[in-house]
4 protein chains.
Amino acid sequence: MRKLGVGVLGVGEMGKRHAENIRRLVPEARLVAVADASADRARQVAAELEIENSYGSLEALLECKDLDAVLIATPDKFHAQAIGIAARSGKDILCEKPLALNIADARAALEAVSKAQVRLQIGFMRRYDPAYAAAMKRIEGGEIGTPVIFKSVGRDKDEPPLAAYQSNLNGMVFYNNTIHDFDLARWLMRDEVSEVHSYTTVAIRPEVARYSDIVAGVVNLQYRNGAIGNVESYVQAVYGYDVRTEIVGSKGSILIGSLRQAPTTFLTALGGVQTLADHFLTRFQDAYLAEVRDFVQNILHERPLRVSGDDGMRALAIAVAAEKSHLQKTAVKVTLEVGLPA
Amino acid sequence: MRKLGVGVLGVGEMGKRHAENIRRLVPEARLVAVADASADRARQVAAELEIENSYGSLEALLECKDLDAVLIATPDKFHAQAIGIAARSGKDILCEKPLALNIADARAALEAVSKAQVRLQIGFMRRYDPAYAAAMKRIEGGEIGTPVIFKSVGRDKDEPPLAAYQSNLNGMVFYNNTIHDFDLARWLMRDEVSEVHSYTTVAIRPEVARYSDIVAGVVNLQYRNGAIGNVESYVQAVYGYDVRTEIVGSKGSILIGSLRQAPTTFLTALGGVQTLADHFLTRFQDAYLAEVRDFVQNILHERPLRVSGDDGMRALAIAVAAEKSHLQKTAVKVTLEVGLPA
Amino acid sequence: MRKLGVGVLGVGEMGKRHAENIRRLVPEARLVAVADASADRARQVAAELEIENSYGSLEALLECKDLDAVLIATPDKFHAQAIGIAARSGKDILCEKPLALNIADARAALEAVSKAQVRLQIGFMRRYDPAYAAAMKRIEGGEIGTPVIFKSVGRDKDEPPLAAYQSNLNGMVFYNNTIHDFDLARWLMRDEVSEVHSYTTVAIRPEVARYSDIVAGVVNLQYRNGAIGNVESYVQAVYGYDVRTEIVGSKGSILIGSLRQAPTTFLTALGGVQTLADHFLTRFQDAYLAEVRDFVQNILHERPLRVSGDDGMRALAIAVAAEKSHLQKTAVKVTLEVGLPA
Amino acid sequence: MRKLGVGVLGVGEMGKRHAENIRRLVPEARLVAVADASADRARQVAAELEIENSYGSLEALLECKDLDAVLIATPDKFHAQAIGIAARSGKDILCEKPLALNIADARAALEAVSKAQVRLQIGFMRRYDPAYAAAMKRIEGGEIGTPVIFKSVGRDKDEPPLAAYQSNLNGMVFYNNTIHDFDLARWLMRDEVSEVHSYTTVAIRPEVARYSDIVAGVVNLQYRNGAIGNVESYVQAVYGYDVRTEIVGSKGSILIGSLRQAPTTFLTALGGVQTLADHFLTRFQDAYLAEVRDFVQNILHERPLRVSGDDGMRALAIAVAAEKSHLQKTAVKVTLEVGLPA
């Protein structure tokens, strides 16, 4: 059996998980190397995963023999550039979301991919989550009729450290987090978002305004075909990691999401108590694995990839419009002017 | 419209609720009087419900003009005798469970009813609860196939006061409480229980053993047609009033019961918290009302009553066998010898 | 005990329920009469409730001896005018929502109330629902910290008949239905809404556009103190009556709402199935009763009413702004210009 | 880092999963070989997992260089003998439940283990499930006070093929399945079961009686210290794989178990629908992995194993008593006579 040689660029929390999955759980792939701006970190992860090669740069990684594809899990800021470099080097690419932090960079990345005739998948892994996938199957089967309303909630548990804002390595929350919901908003509704209006707040942590970021935001959505929706983001929910989505249709609705971490309820005089989910790597453990497996198999068998660069671009365009709406405090059209490639 | 004249005997917590329902919520009935061993209590309830007549005894109540039927809600101990007296007086009867505390008394009561040709319904109100009624409809519709296992849980919230045991006015828990589950065990399974084996405990409150009562018990059930089951009772669950039933069949199962008092969940760093149900008058509010309405209408329209004296006798026979099993620490057959009338 | 003499104006589905509650379940009140534009309907309800007086107009009702207060449950269109008439007649008033269909009418009604020195409560009964009341208690107790996001969903089950739109007796959905959520949006957040932006759709039933109404709408909310939120309405959810609210705070969140009608789950090879709630009179049965009880007691004991005319005005102002936003397709400020009385 | 060399004996559905886990997800272990009575099957699994060695017998496996420990996942019937052989060969052992199908075999196996001074863990993996582990932590922390009632439900989805009964390779359901619950009954209650009474049925599939097996059974439990309980087993629940446990205490209770396979609810005019869990390898995926990881680490670091041979023996003794009760139709003491080693 031919195995796909994959290298992982960026082995922080997310990239390390990808590397582990590839190393251990994707029989059709071989983890040939890991790379990280911190060569030390790369070395440590390589040791832990018992592979030989680790590098301190993408360029070094690309020299690696037997490398067929690169999984990019660097901070958001470097995604687009890394895609360009990997593409020019002829490698297929699975890149974490977002595709880029602005439309120009995204366009450059997609052009490099197109020119090099390599393949690119964007890491919208929720599409692989069993609950989301089951929902999509029902939608495609016509079971909810015409979709009318889309709603999504994305809440992270703990207040991010100020250092995360200061480093400026990732985009503000719409790019780094809500972009998952923007992708779902297109994918599950099978329609494009034409306008957004963001209401945002920093009320309980005013200092994040200094970094043009927010504590919470609700982005109203208008779809081309008349459907409506909204997406909520909250970065310090305190009680847990809470991702929920609802698709409301003319014949029925689908609710996706669960608050509980484990199926245990504790009953006392104080009431019934459940322990709540608290981390995306736990909630979406299966999705991350299914994503990389699907990528590897589709590359090997030359089948189309499930999440395209265009998907990355379109979700990004919604994020760009949502940020603009947040800054200008008006509704903003999601149009080519905002950023879709001509 | 002719109205059924109803008198309520015993206006403690339960009887008062019945009186309120009849007074206010059953248009086809008229509450003609209330009676209670405490004439004071009867007077107070009559004042509150704005009716004229209150009495200190069943005999006085029976003298009351326009009295067609009597609802008996005295302590358990007096049920059978009150049925006899009311029957001989020609009144139709709705009597709270249990029918009696032993088979001989029950038989005497049923004989009086039969001789007087009055009608008697036993207060197994759970049959009127929307959730239980919906379950029964599915079972009768064949939706779960052949019933295989019956399970029921009945837990009260707060430790009963020792005075309740000392007064000896009600039967031990199998008669006073579990008898609801014994009735459901027959009704929902549409089969008769042929043998029981009780495992009981006083572990966390040994002093109730003095009154031959228990803190918790699980009664194993063997059905005539081969099905099996069990019924659990616990009188001091601390966390709430928890009644749940499950009917497991060859084609599907039905779960009945809910822990939540209100549809509210509170999410904090400690987890998700729900306030739990805590009282039978809240949980079964609709059932009590539906029960008395149905009784009144069936009497008025001379239709068969929904829960018969025989139902009362058969549930009692299971309770008698369960108590015997508890005392003898062996399995006990539910047979005519135990108490079904010849 | 002095009883409050109450007359009910409008005995359609809603008014009849109020009349029943007053007649049967509010000991401190006496239902002295019912009135309806259809004198026949009034007569029928009076007969059913076994009261003597029924009338074909408010004016006739107001002549009725022993009338202390009027409960107004006419179509929305007549609320404001009826308030004015009843007020000038010196009666205290409990009026169903909305206070009026426009600010001018609302202002006239409040002025009449103020001039006549009668008392007015608006029928935002959800504040009396045990689940909402429990949530408010936690919020007031500081348990969720600073409120950050408010969300509410209001879905009716069945497509309204076109006749309902044609008659033009009620306001469009924001006035007739969403106004409950607008009230909750103020009450639970203890803050005022300063701006709204409505995204609406008639996609699956274009003919309602002819009546300037919608099939579904999401109204984005901006609060004065920085919090944000949204309110969704959908008039033909097909699967049930679905009302849910969520208040997200700096220290915790509260979820209110339940889909299930009864605590029963049916398990078969097809999955787990629950019967869903389908009507507001069932879901909010307790709230309607608690509301009228509270009104009666506060009037009798000369205590402040729990939901004021000003509450009615402010919720109306949000509805007016939301409708304007829907028509103009822009964000709209909720200001005095929109309609709060100077 | 020294790695523990593990061989897996028996690579059917269960053993293959263990082999996969060891091969891929336990960094401290090395899968040195697999063996199976079907050498073909062993070869195929070895190929799939990309390891070199596969064998057709335990004896051959034991010859394998670098083998430190054996994981036994053969049919139940061969467990005890395989333990004996592996022990005499000086290997540490993780053996699937049950330890044996009778007390004599179990005793022989434990004696071999003891004599060879190897270590043995029994595969009661539910102890490693996050939900069960969290429950145990609360119990040990005294949060539910004194345990009073234990309840457990184990239902498999699909009717077993008759061939499974005919082959006689596994014990009847109490040995093969309910033994998990018997273990939990001891572990979570921290007490020993002193008596059982089984009510069993073959009602909906009489032909299994020919193999002395059952379709469903409820085993009543009496504990030494006075607590009570019961355990239900049903081998053809149709709707799903349903494992639930409840521990009821003097200060609170814990419910463990979930019916849903994924956090998705589908709402239509027919009601709310959830897809249900259907397989133990999905439900307990994390538990199986945690189990083998813990075993490997404890062996490597010479720490005590978490589930001992004695645990295996005691759960077996309950199963033996439950089967005897089933056959004799009486209560049966769980005593040394039944089978605990002197």
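The values are calculated or read from the model by the stated rules, or taken from the named source; none is laboratory data. Just so it is clear, the model here is predicted, and its values are computed rather than measured. Note that each Cβ is placed from the backbone with ideal geometry, even for glycine, and that neighbours are counted across all protein chains shown. SASA here: full protein model, heavy atoms, side chains in, ligands and nucleic acids out. Shrake-Rupley method; radii C 1.70, N 1.55, O 1.52, S 1.80 Å.
From the list B:Gln274, B:Gln328, exactly one residue is without any contact (Cβ under 8 Å) to a residue 60 or more places away in the chain, farther than 30 Å from B:Arg23 by Cα and in contact with a Lys or Arg (Cβ under 7 Å, 6 or more places away or on another chain). Which is it?
On the way: B:Gln328 fails: in contact with a Lys or Arg (Cβ under 7 Å, 6 or more places away or on another chain).
Among B:Gln274, B:Gln328, only B:Gln274 is without any contact (Cβ under 8 Å) to a residue 60 or more places away in the chain, farther than 30 Å from B:Arg23 by Cα and in contact with a Lys or Arg (Cβ under 7 Å, 6 or more places away or on another chain).
Determine, yes or no, whether D:Arg293 is in a strand (DSSP E or B), open to solvent by 40 Å² or more (accessible area, probe 1.4 Å), within 14 Å of another protein chain (Cβ to nearest Cβ) and under 17 Å from D:Tyr132 (Cβ atoms).
no
Mind listing whichever residues of the range C:1-28 are assigned to a strand (DSSP E or B) and either open to solvent by 10 Å² or more (accessible area, probe 1.4 Å) or not hydrophobic (A, V, I, L, M, F, W, C) (or both)?
Result: C:Gly5, C:Gly7, C:Leu9.
So is B:Tyr199 over 17 Å from the mean Cα position of the chain (by Cα), among the aromatic types (Phe, Trp, Tyr) and crowded, with 18+ Cβ neighbours inside 10 Å or not?
Judged against the criteria, B:Tyr199 is a match.
Looking only at the range D:207-230, which residues are in contact with a Leu (Cβ under 9 Å, 6 or more places away or on another chain) and at the interface with another protein chain (Cβ under 10 Å from one of its Cβ atoms)?
Result: D:Val218, D:Ala227, D:Ile228, D:Gly229, D:Asn230.
Going by the conditions given, is B:Ala73 of a type in the set (A, V, I, L, M, F, W, C) and surrounded by 17 or more Cβ atoms within 10 Å (Cβ to Cβ)?
yes
Suppose the filter is buried (at least 22 other Cβ atoms within 10 Å of the Cβ) and farther than 19 Å from C:Glu50 by Cα; does B:Val32 pass it?
No, not satisfied.
Only one of (1) of a type in the set (A, V, I, L, M, F, W, C); (2) in contact (Cβ under 8 Å) with a residue 12 or more places away in the chain; (3) in a helix (DSSP H, G or I) fails for B:Val153. Which number is that?
(3)
Working only within the range C:240-249, note down all residues that are touching a Ser or Thr at 6+ places or on another chain (Cβ under 7 Å) and either surrounded by 24 or more Cβ atoms within 10 Å (Cβ to Cβ) or aliphatic (A, V, I, L, M) (or both).
C:Thr245, C:Ile247, C:Gly249
Give the residues of the range D:35-56 that are open to solvent by less than 40 Å² (accessible area, probe 1.4 Å) and either within 14 Å of another protein chain (Cβ to nearest Cβ) or assigned to a strand (DSSP E or B) (or both), sorted by residue number.
Residues satisfying the conditions are D:Ala35, D:Val45, D:Ala46, D:Leu49, D:Ile51, D:Ser54.
If you take just the helices (runs of 4 or more DSSP H) that sit entirely in the range D:156-233, which of them hold at least 3 residues that are farther than 28 Å from B:Val196 by Cβ?
Numbers: elements: D:162-167, D:173-176, D:179-187.
Those helices (runs of 4 or more DSSP H) span D:162-167.
Is the range A:87-95 home to any residue that is open to solvent by less than 10 Å² (accessible area, probe 1.4 Å), in a loop (DSSP other than H, G, I, E, B) and at pLDDT 95 or above? Steps first, answer last, please.
Filtering the range A:87-95 for residues open to solvent by less than 10 Å² (accessible area, probe 1.4 Å) gives A:87, A:93-95.
Still in the list and also in a loop (DSSP other than H, G, I, E, B): none.
No, the conditions are met nowhere in the range A:87-95.
I'd like the full set of residues that are open to solvent by 30 Å² or more (accessible area, probe 1.4 Å), facing chain B (nearest Cβ under 7 Å) and more than 23 Å from C:Arg126 (Cβ to Cβ), limited to the range C:250-275.
C:Lys251
One residue is enough: does the range D:297-311 have a residue meeting the conditions modelled with pLDDT under 95 and among the polar types (S, T, N, Q)?
Of all residues in the range D:297-311, those modelled with pLDDT under 95 come to none.
No, the conditions are met nowhere in the range D:297-311.
Given the structure, is C:Asp278 within 14 Å of chain B (Cβ to nearest Cβ), open to solvent by 30 Å² or more (accessible area, probe 1.4 Å) and over 23 Å from C:Ala134 (Cβ atoms)?
Taking the combined requirement at face value, the residue satisfies it.
For A:Ile103, which of the numbered conditions (1) open to solvent by less than 20 Å² (accessible area, probe 1.4 Å); (2) free of Cβ contacts under 8 Å to residues at least 24 places away in the same chain fails to hold?
Failing condition for A:Ile103: (2).
For D:Arg303, state whether it is open to solvent by 30 Å² or more (accessible area, probe 1.4 Å), over 30 Å from A:Lys251 (Cα atoms), away from chain A (no Cβ under 12 Å) and not in a helix (DSSP H, G or I).
Yes; evaluated as a whole, the condition is true for this residue.
How many residues does the range B:156-195 contain that are of a type in the set (A, V, I, L, M, F, W, C), in contact (Cβ under 8 Å) with a residue 12 or more places away in the chain and open to solvent by 30 Å² or more (accessible area, probe 1.4 Å)? It would help to see each step written out before you state the result.
First pass over the range B:156-195, keeping only residues of a type in the set (A, V, I, L, M, F, W, C): B:162-164, B:169, B:172-174, B:179, B:182, B:184-185, B:187-189, B:193.
Checking which are in contact (Cβ under 8 Å) with a residue 12 or more places away in the chain leaves us with B:162, B:169, B:172-174, B:179, B:182, B:184-185, B:187-189, B:193.
After this cut, where a residue has to be open to solvent by 30 Å² or more (accessible area, probe 1.4 Å) as well, the list is B:162, B:169, B:187.
Count: 3.
Got at least one residue in the range A:312-319 being under 17 Å from the mean Cα position of the chain (by Cα), closer than 23 Å to D:Ala135 by Cα and either open to solvent by 20 Å² or more (accessible area, probe 1.4 Å) or not aliphatic (A, V, I, L, M) (or both)?
Within the range A:312-319 (the criterion being under 17 Å from the mean Cα position of the chain (by Cα), closer than 23 Å to D:Ala135 by Cα and either open to solvent by 20 Å² or more (accessible area, probe 1.4 Å) or not aliphatic (A, V, I, L, M) (or both)), the answer is no, since none of the residues qualifies.
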